[in-house]
Amino acid sequence: MPEETFMRAPTQQPRKTLYTEAMEIFDRAADAMGLDRRVRLELEEPDYEHIFYVTTKLKDRLVPVSAEEAKKFADLTVTKVRDANGMERLADGKIILNGKALLGSDVSVRAGHLRLDDGQVYQLVPGDIARFKAYRVQHNQARGPYKGGIRYHREVSLDLFKALSAEMTWKTAIADVPFGGGKGGIQIDPRQYGKEELQTISLRFMYKLKSLIGPNIDIPAPDVGTNGEIMALFLRQYSDGERERHNQRGVITGKDVRIGGSEGRTKATGQGCAYCIEDYFADRGETLKGKTFIVQGFGNVGSWGSLILQNMGARLLAVNDSDGTIYNPDGIDAADLMKYVNENPKNLKRSVLGYPGAQTMSKADFWQLKADIALPAALGGEITAEIAEKLNVKLIAEGANGPTTPDADRVLEKKKIDIIPDIICNAGGVTVSYYEWIQNKRMEAWTEKDVDARLELALKKNYRIIRDISRNTPRKTDMHDSRPYTIGKTVDTRCAAMVLALKRIEAHYMLEGFSQ
Ligand code: NAD
């Protein structure tokens, strides 16, 4: 190949990825504030990107056969499984046979098929070995150990984790907690696996991750598809057999309170969203009394956010989740809906769908509903420019990470719909994770009231600094001091939030210097 072909600058624009899209706001804020050139290069790409694999032995499954196939077994008698706990029904219709499920039962098997008392014919499929792709991206540690959740989801990628880990770097800086940013997880649909399978996958994941993390190095937490139970397994796998095991409790946050978790952590992200929304209206001399809201996602963030907003006087009109949408113009009781989603044994998908206190509606109609607030609390990229055009709300409070695309942002600005950006709106989780980490270090246990009061102050104070940066109104009050952060011009709220993050990170590099 002639040399000039090698050297020629590419004529095409670099490919747009989730990461480059997420970094658009970084570029905008860095330009607006004149971020130091070397700090910019340090932050533009993650410190480390780890990819590894987790293998495990799956359990035997009963797989439902088609109606056509079932005809061949029309005369097959029903197998009565005596130990009901031995069968675990999965969201995809398959059933896992645990332990000695069929022992002691009246079993009729023909050609590897059996019929259960639900009338369905199942094929017995022996457990296979499976391999899953796993990730941990460590974005930046200028302000402290890497910090960020572990996601179990089918649609994850290095690109996504790069974007999410960078978000954590900004978020920990905005919340002013002494952490950097990280994120990781496994490419898996957890609803297709049994409890014990997920346990062994989680243990194997931590076995591989162990050498990369530590209470002062990188501190994982729950995210989509993971929870306190999985955090407990992570902690055990990380610390089992270690001489100073009790000193390592802070390696994982989001733990159950009985094993070193913090009071108020489970609801912290939703709580933080509600505090920010409350402060948004307080700034306008209003309260949440009588305000209406719609929520996308009714998992940890969406459900707690809804309940707390409702307790502050707002009314929940509609909820959309991965299985559908429910709507009631008179209001949906968030506490009752939480019970329906989490405590109803028949609701295998943990969905809002089928909730008796509401009617169903299409996702397109959901996004057009008139309400004061939209709380997206599902996945990223859900509010596209097309959806932004339809939105009929005054405020978007970003509970999810990156729910609004940059194209949608431009539409929202035109429509004068305000945004509380994710990096402040959902920073409640990581803030209380920090409280959990300090409690672990100090061997203390704080009360829920204490945690809530600290969280409220931390979020409202930093949200006020962001508003001051946005309006270019440097000032010092009893609660906050925005003078070191304003940049001599007004910017939109998302850019202002990023300026606050970058100014705090930049200070570390400029004052502590670079290790060559
Ligand atoms: P979760 O797994 O508890 O709940 C996710 C919810 O989103 C479920 O109700 C699911 O049905 C819904 N959902 C998934 N895909 C959807 C789709 N395509 N359309 C509509 N609904 C869909 O997750 P979570 O912990 O509540 O996290 C939700 C969001 O908040 C994520 O973006 C996460 O990164 C972010 N977040 C979570 C925390 C935390 O502390 N849990 C902290 C900060 C940010």
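The values are calculated or read from the model by the stated rules, or taken from the named source; none is laboratory data. Quantities reported herein were computed from a predicted structural model and do not represent experimental measurements. Quick reminder, even Gly has a Cβ in these numbers, built from the backbone with ideal geometry, and neighbours come from all protein chains shown. Ligands, DNA and RNA are stripped out before the accessible areas are found, and what is left, the full protein with its side chains, is counted by its heavy atoms. Shrake-Rupley method; radii C 1.70, N 1.55, O 1.52, S 1.80 Å.
Descriptive notes on the structure:
- The range 332-357, residues that are under 14 Å from Val295 (Cα atoms), assigned to a loop (DSSP other than H, G, I, E, B) and open to solvent by 20 Å² or more (accessible area, probe 1.4 Å): Asp333, Leu353
- Screening Arg249, Arg243 for residues that are in a loop (DSSP other than H, G, I, E, B) and more than 13 Å from the ligand (Cβ to nearest atom) leaves exactly one candidate, Arg243.
- The residues listed here are Ile419, Ile396; of these, the one that is under 20 Å from Tyr280 (Cα atoms), touching a residue at least 24 places away in the same chain (Cβ under 8 Å), in contact with a strand residue (DSSP E or B) (Cβ under 7 Å, 6 or more places away or on another chain) and open to solvent by 10 Å² or more (accessible area, probe 1.4 Å) is Ile419.
- Of all residues in the range 311-331 being open to solvent by less than 50 Å² (accessible area, probe 1.4 Å) and not in a strand (DSSP E or B), the one that is farthest from the ligand (Cβ to nearest atom): Gly313
- Qualifying strands (runs of 3 or more DSSP E) (wholly inside the range 57-148; at least 2 residues being more than 30 Å from Trp437 (Cβ to Cβ) and without any contact (Cβ under 8 Å) to a residue 60 or more places away in the chain): 95-97, 113-115
- Tabulated pairs, the range 433-457, first more than 22 Å from Pro220 (Cβ to Cβ) and touching a residue at least 24 places away in the same chain (Cβ under 8 Å), second small (Gly, Ala, Ser) and crowded, with 17+ Cβ neighbours inside 10 Å, C-beta under 8 angstrom, 6+ apart or interchain: Glu448/Gly264; Asp452/Gly264
- Some residue of the range 500-513 being closer than 24 Å to Thr269 by Cβ, surrounded by 23 or more Cβ atoms within 10 Å (Cβ to Cβ) and among the basic types (Lys, Arg): no
- Cross-chain or 6+ apart pairs with Cβ under 8 Å, the range 363-379 first and among the acidic types (Asp, Glu), then more than 10 Å from the ligand (Cβ to nearest atom) and outside any loop (DSSP other than H, G, I, E, B): Asp365/Tyr327; Asp372/Thr292; Asp372/Phe293; Asp372/Leu395
This table checks each residue for (1) out of contact with any Phe, Trp or Tyr (no Cβ under 9 Å at 6 or more places or on another chain); (2) closer than 20 Å to Cys425 by Cβ.
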residue	(1), (2)
Val224	no, yes
Ala232	yes, no
Gln237	no, no
Arg243	yes, no
Lys267	no, yes
Lys289	yes, no
Gln296	no, yes
Val301	yes, yes
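- Residue tally, condition touching a helix residue (DSSP H, G or I) at 6+ places or on another chain (Cβ under 9 Å) and open to solvent by 40 Å² or more (accessible area, probe 1.4 Å), over the range 226-255: 9
- Scanning the range 417-438 for residues that are within 13 Å of the ligand (Cβ to nearest atom), acidic (Asp, Glu) and farther than 14 Å from Arg249 by Cβ gives a single hit, Asp422.
- Residue list for the range 399-410, restricted to those being surrounded by 19 or more Cβ atoms within 10 Å (Cβ to Cβ) and assigned to a helix (DSSP H, G or I): Ala408, Asp409
- Scanning the range 256-302 for residues that are among the charged types (D, E, K, R) and either within 13 Å of the ligand (Cβ to nearest atom) or open to solvent by 20 Å² or more (accessible area, probe 1.4 Å) (or both) returns Asp256, Arg258, Glu263, Arg265, Lys267, Glu278, Asp283, Arg284, Glu286, Lys289, Lys291.
- All positions within the range 424-438 that are buried (at least 20 other Cβ atoms within 10 Å of the Cβ) and over 11 Å from Thr269 (Cα atoms): Tyr434, Tyr435, Glu436, Trp437
- Scoring Asp176 on the criteria (1) more than 16 Å from the ligand (Cβ to nearest atom); (2) more than 30 Å from Arg464 (Cα to Cα); (3) surrounded by fewer than 22 Cβ atoms within 10 Å (Cβ to Cβ); (4) charged (D, E, K, R) leaves a single failure, condition (2).
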